[in-house]
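Trainee: Before we start, here is the structure in question, set down as structure tokens.
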Amino acid sequence: MKENSEMTKFMLIAHQRSGSNALHSVLQQHPEIFFYGQLFGTATNHLKKSLKWGMPFTPVHQDHLYMGGRTPKTSTVFRHQLLRFLPKSATPAKHVERFFDKAKKRTTDKHSCVGFKLHDSQMSYLDLRLVAQNHVDKVVILRRRNVLQAAVSCLYAQQTDVWATRKKTRGAKTVALAVARVEEFAKETLCSTERVRATLELADVQYHEMEYENTVLLNQYELLWRYLGVEEVEMEPLTKRLSTPDYSHISNAAEINEALAGEKFGWLY
């Protein structure tokens, strides 16, 4: 088994509905990469995984609950309040350090990279800077060029509680989305991505940026494999699109597209 200190440690930073689940599945399939997935998630499946690994919980940054101007469910807020009383790492940086330490026992001699996923709103920018400077060797940013589609996808998921791509979407519930909330989410996403870049550049941390439409959607990963220093292999995501191409599940999709579509946010159609 290789020593963990000899491996390339990396983190994937992505905004909500950026296609990170698809990239996650690709990274996990690569024979030389040990990819944990979302390290700071507080959903039940993420907490169970933390318990299995013997890692204390680290609640996400509070702003993550209110992403896109949403009002989180009472159950979500209550769960986050309960997490305050559970054993947890002192800081996000300590949590990352503990993760890499635990990963030593799970990697094998075939692995040359070990990494995890982070949503951009799950950590303060100060903590991001500390982690990037001191605990990882490389950083990968995944973003959508078409943030309008990402906004509609995320707000639909929030409103219907259909998040996982493995769930069946036939006969999906049709809803209307507030145009103002879609615009707010799209603006927040663009600003957050820019802040992540600025944070890394201020810390003099090099990163590899991927645009979903030119990489994951087209299964083009050559530059990513070169950046991580692993063998270039061809593979496809194990996940599928959550939304239907014609946005028939969004009753006011045409209104959203007319109000917000353009060079800044992208188009639904």
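The values are calculated or read from the model by the stated rules, or taken from the named source; none is laboratory data. Here the structure is a predicted model, which is why all the values come from computation and not from measurement. Positions of Cβ are backbone-derived with ideal geometry, glycine not excepted, and every protein chain shown enters the neighbour counts.
Trainee: Within the range 121-157, track down each residue that is within 14 Å of the chain's Cα centre (by Cα) and of a type in the set (K, R).
Mentor: R143, R144, listed by residue number.
Trainee: While we're here: Out of the residues in the range 122-139 that are crowded, with 21+ Cβ neighbours inside 10 Å and either in contact with a His (Cβ under 8 Å, 6 or more places away or on another chain) or free of Cβ contacts under 8 Å to residues at least 24 places away in the same chain (or both), which is nearest to V179 (Cα to Cα)? Step through it out loud before you land on a result.
Mentor: Of the residues in the range 122-139, the ones crowded, with 21+ Cβ neighbours inside 10 Å are 122-123, 128, 131-132, 139.
Pick out the ones that are also either in contact with a His (Cβ under 8 Å, 6 or more places away or on another chain) or free of Cβ contacts under 8 Å to residues at least 24 places away in the same chain (or both) and you get 122-123, 139.
Details: Q122: 25, M123: 27, V139: 33 Å.
Out of the qualifying residues, it is Q122.
Trainee: How about the range 29-123: which helices (runs of 4 or more DSSP H) wholly inside it have at least 1 residues that are farther than 29 Å from W225 by Cα and at pLDDT below 60? Let's see the steps before the verdict.
Mentor: On the way: elements: 44-53, 74-83, 92-103.
So the answer is 74-83.
Trainee: Only residues that are more than 16 Å from the chain's Cα centre (by Cα) and within 12 Å of I141 (Cα to Cα): list them for the range 177-204, please.
Mentor: L200
Trainee: Another one. Of all the residues that make up the range 5-28, how many are part of a helix (DSSP H, G or I), modelled with pLDDT of 85 or more and not small (G, A, S)?
Mentor: To start, the set of residues in the range 5-28 that are part of a helix (DSSP H, G or I) comprises 5-6, 20-28.
When the remaining residues are screened for being modelled with pLDDT of 85 or more, the result is 20-28.
Keeping just the survivors that are not small (G, A, S) gives 21, 23-24, 26-28.
Qualifying residue count, the range 5-28: 6.
Trainee: Here's another thing I want to ask about it. Where in the range 171-269 are there helices (runs of 4 or more DSSP H), lying fully within it, with 2 or more residues that are in contact with a strand residue (DSSP E or B) (Cβ under 7 Å, 6 or more places away or on another chain), crowded, with 19+ Cβ neighbours inside 10 Å and at pLDDT 95 or above? I'd like the intermediate steps shown before the answer.
Mentor: Numbers: elements: 179-202, 222-228, 253-260.
By residue number, 179-202, 222-228.
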